[in-house]
Amino acid sequence: MNQSFSRHRRLRSSATLRTMVRENHLHLEDLVYPIFVVEGENIKNAIQSMPGVFQLSLDQLKIEMDEVAALGIPSVLLFGIPNEKDECGTGAFHDHGIVQEATRVIKEQYPHIVVIADTCLCEYTSHGHCGVIEGGKVLNDPSLKLLADTAVSQAKAGADIIAPSNMMDGFVAAIRAGLDEAGFEDIPIMSYAVKYASSFYGPFREAAESTPQFGDRKTYQMDPANRMEGLREANSDVQEGADFLIVKPGMPYLDIVRDIKNNFHLPVVVYNVSGEYSMVKAAAQNGWIDEKNIVMEMLTGMKRAGADLIITYHAKDAARWLKEK
Ligand code: PBG
C-alpha cells in the first residue's frame, strides 16, 4: 500500500522497544538533595509548606545523611539558618557557622558525599537581603567581599563545591579570587548564573527564614520575562570562572535551560525549587495527581531540556523510585 504518512507508532509498540529508543534518562547521579540546617540540638522542624522537608540540627542531620547515603544520592546542598542575624550576615562567614559545622559533620561521616555549600547572605542578615544595605539599597561591591569570605570559610570547613546564589554582579570573579588566594584553586564554583526573581521561592523562604524584611529581590534577581538577559548573565559567569551553571527555577524556565545548554559548554544544573515541590505535594496529598509519575516526568523533562544535574527536594523519593524500576 502506498503510504502518505509516517508510522511513528512502530517504535512504541512494546515496553521493551520503548525502552530501547528512549532518548533521556534520569540517573541517581543526577540528583542533588537540598538540606536546611539549624543551630541547636534535637531539632526537626517540619516546614508547613514543604511536606517531608525539615530544618535539622546537626544530630538530626546525621540521621538524614544515613538515609541519603543508603539511597546512593551523591550530593547535598546545604542551607543554614543561624540563631542570630545581623546587618551584614556575620553568621555566613563565621568559621563555626552552621553550614561550616554541618559540612564538617557530613565530611567526617560520609567523605565520599559531595557537599555543596550555598553561598548567600539572606539567611544571615536581619533584613533578609542577599547583600549589604545602605539607604534602603542592596549595595553590590561591598557585598562581594563578604561573599568571598563566606566561600572561603565554607571551603575551609571542607565544602567540595561553592554555590553562590546571591546575584550580585561580579560574584563569581570575587569568590574565585578569594578561593584562589586562600589556596582553594581546586574548589569548583557552581554559580546560580540564571536566577529569576520568582514567586516559586515562597516556601523556601519559610524553610530558610529568609524573607526580605522590606522590598523584594527584583534589583538583583532577573525578570521572569527575559531570555537574552539569561544568556548575558551566564556569559559573565563563564568568563569569571564558573564551573557549573545553575538555572533557577526549573519547570517554568526549561526553555532557558536549553538555551544555556546550547550556548555554553559547562555542566548545566536545574534547580527544581520549593514552590514547584509544594505544588506537586499539595496536589498529591489531595489525590489529584499520581505523585511518582508526575515527579519522574518532571525530572526527566528537565534532563531532556538539557540538565546535567538536578537540585530537587524530591531527590530521596526519586532515588527510591529509580531503585524500584
Ligand atoms: C538564597 C536562595 C533562595 C533559594 C535558593 N537560594 C531564595 C531566594 O533567592 O529568595 C530558593 C530555593 C527554593 O525556592 O527552593 N538566595
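Bear in mind that the values in this text are calculations on the coordinates, not laboratory data. Given the structure is predicted, the values throughout are model-derived calculations rather than measurements. All Cβ positions, glycine included, derive from the backbone under ideal geometry; neighbour counts span all protein chains shown.
Things to note:
- Separation of the residue 4 and residue 185 label points, Cα + 7 Å toward Cβ, nm: 6.8 nm
- Trypsin sites (Lys or Arg not before Pro) lying in DSSP loop within the range 194-238, provided at most 15 other Cβ fall within 10 Å: 218, 227
- Positive-end extreme of charge dipole, the chain - chosen from 213, 3, 165 (charges on Cβ): 3
- A Gaussian network model of the chain, with springs between Cα atoms under 10 Å, assigns the largest mean-square fluctuation among 93, 79, 184 to 184.
- C-alpha center-to-center spacing [the range 155-205, the range 91-154] in angstrom: 9 Å
- Adding -39500 (n - 2.57) for every DSSP H run of four residues or longer, then dividing by how many residues the chain holds, sets the calculated 222 nm ellipticity at -12000 deg cm²/dmol.
- About its Cα centre, the dipole of the chain is roughly 1920 debye, where the only charges are +1 on Lys and Arg Cβ and -1 on Asp and Glu Cβ.
- Among the trypsin sites (Lys or Arg not before Pro) found in the range 250-320, not one is both in a DSSP coil and sparsely packed, with 16 or fewer other Cβ atoms within 10 Å of its Cβ.
- Placing unit charges on the Cβ atoms of the charged side chains and taking the dipole of the chain about its Cα centre, the candidate lying farthest along the positive direction among 19, 313, 100 is 19.
- Cα→Cβ-extended label distance, 7 Å offset, between residue 235 and residue 284, nm: 4.0 nm
- Residues 6, 165, 126 arranged by fewest to most Cβ contacts within 10 Å: 6, 126, 165
- Extension gain for residue 20 to residue 84 (0.36 nm times residue separation, less C-alpha to C-alpha distance): 17.6 nm.
- GNM flexibility winner over the chain from 172, 114, 269 (Cα, springs under 10 Å): 114
- Relative contact order %, the chain, counting alpha carbon pairs below 8 Å whose residues are six or more apart: 18 percent
- Taking other C-beta atoms within 10 angstrom as a stand-in for reagent exposure, 192, 220 fall in the order 220, 192, fewest first.
- Taking the charge dipole of the chain about its Cα centre, with +1 at Lys and Arg Cβ atoms and -1 at Asp and Glu Cβ atoms, the residue from 257, 34, 201 reaching farthest to the positive side is 257.
- Among 241, 183, 202: highest mean-square fluctuation, GNM of the chain, C-alpha pairs under 10 Å: 183
- The modelled label-to-label distance between residue 265 and residue 228, using points 7 Å beyond Cα along the C-beta direction, is 2.6 nm.
- Helix 254-263 vs. the chain, principal-axis angle (Cα, 0 to 90°, nearest 10): 80 degrees
- Hull-based mean projected area of the chain, where the convex hull spans the alpha carbons, in square nanometres: 19.0 nm²
- 10 Å Cβ shell holding at most 14 others, DSSP loop, GluC sites (Glu not before Pro): longest site-free stretch of the chain: 186-325
- Against the chain, whose longest principal axis is taken from its Cα atoms, helix 315-324 shows a tilt of about 30°.
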